[in-house]
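Peer 1: Structure incoming, see below.
The values are calculated or read from the model by the stated rules, or taken from the named source; none is laboratory data. What you are looking at is a predicted structure, and each value in this text was computed from that prediction instead of being measured. Here the Cβ positions follow ideal geometry from the backbone for every residue, glycine too, while neighbour counts run over all protein chains shown. In case anyone asks, the SASA skips ligands and DNA or RNA and just uses the protein heavy atoms, side chains included. Shrake-Rupley method; radii C 1.70, N 1.55, O 1.52, S 1.80 Å.
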Amino acid sequence: NDLNPDNNSSTVISQSSGKVGVSKTGPAKVALGQEFDYQFSINNGLGVSVANAVVAEQLPANMKAVSVNGASCGALPSAAGALLTCRLQSGIAAGGTGSFSLRVVATSTGVVTNYASTDPSGGSSTGTPGASCDASRYSCTSAKTEVVAPAVPRLPREIGRASCRERV
């Protein structure tokens, strides 16, 4: 965010000042059956610490949660399409950031959107994550991932030719 890195100073203005916000990232493309992580970042823009930040995580219908690191999301592995309630394992200081990662696996191919939401006051009223999440009342986020069929290994041409010669 530093527009002039040569002057050795920076001013960053947080767009989530005065509230708790959640963001998430994940890979743009994965192979079917390959486990991967969604990364969550919870920014505490409040002037006080937040002891128990909670994130509601709505898995797509073809995704199962396998494990979590940095939070508790209930019994895992989950069912495909589960709505998880993930509670950070540690508090977030005023102005600080907390994070966790959720390892998932897809059960079918296609482009999917994974949604999450949290309470902007730092409480446990997370709202319902999804395309219709009320961004005026909750902090809402999403990540889109394309799940593709795994690549089929191919034999090098030289091996294929040698095999043909041997049969002749």
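Peer 1: Over the range 47-91, give the accessible area per residue in Å² for a 1.4 Å probe, as an integer.
Peer 2: I get 46 Å² per residue for this part.
Peer 1: What length, rounded to one decimal in nm, is gained on full extension from Ala135 through to Ser90, with 0.36 nm per residue of separation minus their alpha-carbon distance?
Peer 2: On the way: separation 45, 0.36 × 45 = 16.20 nm, distance 2.53 nm.
Length difference between fully extended and current span is 13.7 nm.
Peer 1: Also, I was wondering about something else. How many angstrom lie between the C-alpha centres of the range 32-72 and the range 111-155?
Peer 2: Distance between centres, Cα-based: 10 Å.
Peer 1: Roughly how many percent of the accessible protein surface of the range 17-59 is carbon and sulfur, given a 1.4 Å probe and a whole-percent answer?
Peer 2: Carbon and sulfur together cover 49 percent of it.
Peer 1: By a straight-distance test (C-alpha under 18 Å), which lysines pair with Lys29 as possible cross-link partners, with residues fewer than eight away in the same chain excluded?
Peer 2: Reachable lysines: Lys64, Lys144.
Peer 1: Rule-of-thumb check for the range 62-122: C-alpha Rg over 2.2 N^0.38 Å?
Peer 2: For the range 62-122, the normalised Cα radius of gyration comes out at 1.26.
Peer 1: Could you calculate the FRET efficiency of Ala79 with Asn52 from 1/(1 + (r/R0)^6), where r is the beta carbon distance between them and R0 is 25 Å, rounded to 0.05?
Peer 2: Working: r = 25 Å, r/R0 = 0.99.
After rounding, the FRET efficiency stands at 0.50.
Peer 1: Can you give the FRET efficiency for Thr97 and Val152, using 1/(1 + (r/R0)^6), R0 = 41 Å, r = Cβ-Cβ distance, to the nearest 0.05? Show your work: numbers first, answer last.
Peer 2: Values: r = 42 Å, r/R0 = 1.02.
For Thr97 and Val152, the calculated efficiency is 0.45.
Peer 1: Modelling each spin label as a point 7 Å along the Cα-to-Cβ direction, I'd like the Thr107/Leu32 distance in nm, to one decimal.
Peer 2: Taking the simple label geometry, Thr107 and Leu32 are separated by 1.4 nm.
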